[in-house]
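Reviewing the structure listed below.
The values are calculated or read from the model by the stated rules, or taken from the named source; none is laboratory data. The model shown is predicted, which means the values in this text are computed figures rather than measured ones. Don't worry about glycine lacking a Cβ; one is built from the backbone with ideal geometry, like all the others, and counts go over all protein chains shown. When the accessible area is computed, the model is the full protein with side chains, heavy atoms only, and any ligands, DNA or RNA have been set aside. Shrake-Rupley method; radii C 1.70, N 1.55, O 1.52, S 1.80 Å.
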Amino acid sequence: MKGLCVISARGGSQGLPGKNIRILLGKPLIVWSIEHALSAPEVDHVVVSTDSDRIAAVAEAAGALVPFRRPAALASSEAGKFQVWQHALRACEAHFGEEFDFYLDLDCTNPLRDVEDISRAIAQFRAARAQGFDAVFSVCESRKNPYFNMLEVENGVLRMCKSMPDTVVRRQDAPLVLDHVGSIYVLNPAFLKSRAGHLLEGRTIGYDIGRDKSFDVDSALDFDRIEFLMRRKLEAAR
């Protein structure tokens, strides 16, 4: 199977300016994901989609390809990730002159994944595609559950987000709820070329990456937490 990995990293960031190339334990944040992609045996090309010359320079120095620049319309905080994928796929097919069997996106703000997670997600996608699924993406069991301890305001009064015939008084009795973890996405290129406009418009299945690897960087506090977890992980691997 021909595998394309595209790592998306726009230059602007409202939560933490410059986060994609902020130094994390000696290397820019995006480099951790580039190295993961380069180490995954299923991946043939590692590309970075960005509008930033600074990010492009860091990515190329780390071994990724940056054969195009992302259009400004797809580099704003309002731009959808799905549309960024669609543009990147078209641009990569034109650049390499070939089509791909899967499109892999690694979110550069989540360096906690392992290369083995990428391989397992790709293997899961291969099996799922044969059953008509369009994509596999990382999930984990939710830390909060709408049947048990998530609330919304209704007519000024707090209510459970979701209810059951019998009130759930123990988390263990609540239905399983998953968090969408922005880390690994494996998609069928045909799905990206369809009229779909959102990931969940297709038939998707989750790859359980586990809670310990589910954190990403969106703020200075997030970065400090990731740095702590990464340091602990690297020390444990020695």
Among the residues of region 143-165 satisfying the criterion of being over 25 Å from V181 (Cα atoms) and at pLDDT below 90, which is surrounded by the fewest Cβ atoms within 10 Å (Cβ to Cβ)?
P165
Determine if region 125-139 includes at least one residue that is open to solvent by less than 80 Å² (accessible area, probe 1.4 Å), touching a Pro at 6+ places or on another chain (Cβ under 7 Å) and closer than 23 Å to G3 by Cβ.
no
Quick count over region 32-63, residues being under 17 Å from the mean Cα position of the chain (by Cα) and under 20 Å from V84 (Cα atoms), is 9
Which is out of contact with any Lys or Arg (no Cβ under 6 Å at 6 or more places or on another chain), charged (D, E, K, R) and at pLDDT 95 or above, of E93, E78?
E93
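One line per residue, one yes/no per condition, for (1) in contact with a helix residue (DSSP H, G or I) (Cβ under 6 Å, 6 or more places away or on another chain); (2) assigned to a helix (DSSP H, G or I); (3) β-branched (V, I, T):
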position: H36; (1), (2), (3): yes, yes, no
position: A56; (1), (2), (3): no, yes, no
position: F68; (1), (2), (3): yes, no, no
position: A79; (1), (2), (3): no, no, no
Give the residue that is least open to solvent (accessible area, probe 1.4 Å), with candidates limited to residues of region 183-213 that are closer than 19 Å to R120 by Cα and basic (K, R).
K213
Of E235, E227, which residue is assigned to a helix (DSSP H, G or I), among the acidic types (D, E) and exposed (fewer than 11 other Cβ atoms within 10 Å of the Cβ)?
E235
Scan region 200-207 and tell me whether some residue there is of a type in the set (S, T, N, Q) and without any contact (Cβ under 8 Å) to a residue 12 or more places away in the chain.
no
Test E78 against the criterion of being within 14 Å of R10 (Cβ to Cβ), open to solvent by 70 Å² or more (accessible area, probe 1.4 Å) and without any contact (Cβ under 8 Å) to a residue 12 or more places away in the chain, and give yes or no.
yes
Take Y185 and decide whether it is over 18 Å from G80 (Cβ atoms), under 27 Å from the mean Cα position of the chain (by Cα) and either part of a loop (DSSP other than H, G, I, E, B) or not aliphatic (A, V, I, L, M) (or both).
no
Among (1) assigned to a loop (DSSP other than H, G, I, E, B); (2) without any contact (Cβ under 8 Å) to a residue 60 or more places away in the chain - the single one G197 does not satisfy:
(2)
Of the residues in region 58-75, those that are at pLDDT 95 or above and either closer than 15 Å to E35 by Cβ or open to solvent by 60 Å² or more (accessible area, probe 1.4 Å) (or both) number 9
Taking region 81-106 on its own, how many of its residues are among the basic types (K, R) and farther than 18 Å from G12 by Cα?
1
Among S13, S39, S52, S8, which is among the polar types (S, T, N, Q), touching a residue at least 60 places away in the same chain (Cβ under 8 Å) and either touching an Asp or Glu at 6+ places or on another chain (Cβ under 6 Å) or open to solvent by less than 40 Å² (accessible area, probe 1.4 Å) (or both)?
S8
Single residue of region 166-182 satisfying the filter (part of a loop (DSSP other than H, G, I, E, B) and open to solvent by less than 80 Å² (accessible area, probe 1.4 Å)) that is modelled with the lowest pLDDT:
V168
